[in-house]
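What follows is one structure encoded as structure tokens, with my remarks underneath.
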Amino acid sequence: MKKQTIESLLKSALINNGRMEYALYEYELEEMIVDMKISMSDDNDDFIFAVTEYNHDVAMVLIEKRGTVYINELARDRLRSLWKGAYIKNMQKLIPFFAQQLNDGEIPINGVKIARQFNA
């Protein structure tokens with residue numbers, strides 16, 4: 001599939017609240033959860049998420065530090081709440097990179113650290 005098509009599918013699912021496919025989550029992402037948790041712990045991330053696309057379907061998983069796993073629309077909604085007003089802007093920047101990775105046969109996995117304010 002072409003990168004532009006993948007990018008369009010990701011925009012539909014991640015920005016425009018399109019439907020995601022649970023069977024695709026089960027097929028490609030579910031088996032990655034243990035490794036994602038290990039990576040998140042090793043990197044001291046606050047949360048980690050991955051997206052995938054196959055045959056015009058999109059799936060997503062998000063895992064928080066405390067171990068809660070969100071799947072598909074719940075993952076998207078949780079990421080939207082974690083990124084508050086920056087969700088759309090962040091997705092617009094990231095989706096082209098996600099599409100390229102997926103086009104290259106890789107699943108994009110992203111660990112995120114939340115910036116914290118320090119009082120001096």
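Structural remarks
- If you go through the range 61-120 and keep only what is more than 15 Å from ALA13 (Cβ to Cβ), touching a helix residue (DSSP H, G or I) at 6+ places or on another chain (Cβ under 8 Å) and among the polar types (S, T, N, Q), you end up with GLN100, ASN103, ASN110.
Table: residues versus (1) in contact with a Phe, Trp or Tyr (Cβ under 8 Å, 6 or more places away or on another chain); (2) among the polar types (S, T, N, Q); (3) closer than 21 Å to ALA23 by Cα; (4) in contact (Cβ under 8 Å) with a residue 24 or more places away in the chain.
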| residue | (1), (2), (3), (4) |
| --- | --- |
| ASN72 | yes, yes, yes, yes |
| ALA75 | yes, no, yes, yes |
| SER81 | no, yes, no, no |
| PRO96 | no, no, no, yes |
| ASN103 | no, yes, yes, yes |
| GLU106 | no, no, yes, no |
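- Inter-residue pairs, beta-carbon under 8 Å, first under 13 Å from GLU73 (Cβ atoms) and in the range 16-34, second part of a loop (DSSP other than H, G, I, E, B), 6+ apart: MET20/ASN72; GLU21/ASN72; TYR22/ASN72; TYR25/ASN72
- Residue that is surrounded by the fewest Cβ atoms within 10 Å (Cβ to Cβ) [pool: residues in the range 98-110 that are touching a Ser or Thr at 6+ places or on another chain (Cβ under 9 Å) and part of a loop (DSSP other than H, G, I, E, B)]: ILE107
All of the numbers you see were taken from the coordinates with simple rules; none came from a lab. These numbers were taken from a predicted model, which means no experiment stands behind them. Virtual Cβ from ideal backbone geometry, glycine too; neighbours counted across all protein chains shown.
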